[in-house]
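To keep things clear, I will list the structure first and then write my remarks on it.
The values are calculated or read from the model by the stated rules, or taken from the named source; none is laboratory data. Bear in mind the structure is a predicted one, so any value in this text is a computation, not a measurement. Please note: Cβ atoms are built from the backbone with ideal geometry, for glycine as well, and neighbour counts cover all protein chains shown.
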Amino acid sequence: MKERLFSKNFTLLVFGQISSLFGNYIIKFALSMYVLDTTGSATIFAGILSIATIPTILLSPFGGILADRVNRKNIMVALDTLSGIFVLCAALLFTDWDGIMLTGILLVCLSVLGAFESPTVQACVPQMQSGDNIIKGNAVVNQVAAVAALIAPILGSVLYTAFGLKPVLYAGVLCFFVTAVFECFIKLEYTPIDNSNGVLSIIKSDFLTSIRFIGKEQSCILKILLLGPWLVSL
């Protein structure tokens, strides 16, 4: 008998991703408009955005390691709850004189949390699905992310223009907390892994395994990674 793609677990994951990604993109776009309105400088905006992307680049590999060794449901619930708390604190503390600084701090915090959440969500799909449904499940998650990246900035622009920044931040808080509630009802099996060798040893071992996999077993992935920056610069 063919298994359903949209099981209860996967449906909760997808709805959680819709809420979380829309909240994320709406907040980030509204903050970018706020920076441009306040400073009138595209340079300052580009600088803040560049700094905010650094944690995602540096920490994403650690996010994958965490997703392989810790209860994934607990990770997602904790990360979305923290995202909601950070945005709520920023909204409550937001004033005109320190708005730019708070914007930078909030973007960095969301970038750090996102670096750990994305690999965790991707790791959940094979655990929820089997056979051909794994490919279909990954496609659904990627489509949700693509649609959110396309529509959420437009929605963020409309909301920011109509209501200002703080209501957008509160809407984002609601999105993150709703996501955490969805994730609380997800049921995933978790088998504790022996971590007695120490954190540094685990990180080293996992990195070496990843490098060996990319460099020898799947060298095409390494070629794509090396060609990517060159193609972008053309």
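Restrict the check to segment 44-53 and report whether at least one residue is at pLDDT 90 or above and surrounded by 14 or more Cβ atoms within 10 Å (Cβ to Cβ). No, segment 44-53 contains no residue that is at pLDDT 90 or above and surrounded by 14 or more Cβ atoms within 10 Å (Cβ to Cβ).
The condition of being without any contact (Cβ under 8 Å) to a residue 60 or more places away in the chain and in the same structural domain as residue 186 (by TED's automatic domain parsing) holds for residue 32. For segment 24-32, the criterion of being at pLDDT 80 or above, assigned to a helix (DSSP H, G or I), among the hydroxyl-bearing types (Ser, Thr, Tyr) and more than 25 Å from residue 189 (Cα to Cα) is satisfied by at least one residue.
Checked against the criteria, residue 152 does not count as closer than 30 Å to residue 69 by Cα and either at pLDDT below 90 or among the small types (Gly, Ala, Ser) (or both). On inspection, residue 20 does not qualify as over 17 Å from the mean Cα position of the chain (by Cα) and in the same structural domain as residue 78 (by TED's automatic domain parsing). Is it true that residue 182 is assigned by TED's automatic domain parsing to the domain that holds residue 62, within 18 Å of residue 23 (Cα to Cα) and modelled with pLDDT of 95 or more? Criteria met by residue 182. Scan segment 41-54 and give yes if some residue there is in the same structural domain as residue 131 (by TED's automatic domain parsing) and closer than 30 Å to residue 136 by Cα, otherwise no. Scanning segment 41-54, I find at least one residue that is in the same structural domain as residue 131 (by TED's automatic domain parsing) and closer than 30 Å to residue 136 by Cα, so the answer is yes. Where helices (runs of 4 or more DSSP H) fall entirely within segment 72-166, those with at least 3 residues that are of a type in the set (D, E, K, R) are at 72-93. Pairing residues of segment 41-58 that are free of Cβ contacts under 8 Å to residues at least 40 places away in the same chain with residues that are surrounded by 15 or more Cβ atoms within 10 Å (Cβ to Cβ), at Cβ distances under 7 Å and at least 6 apart in sequence or on separate chains, gives 45/32; 45/35.
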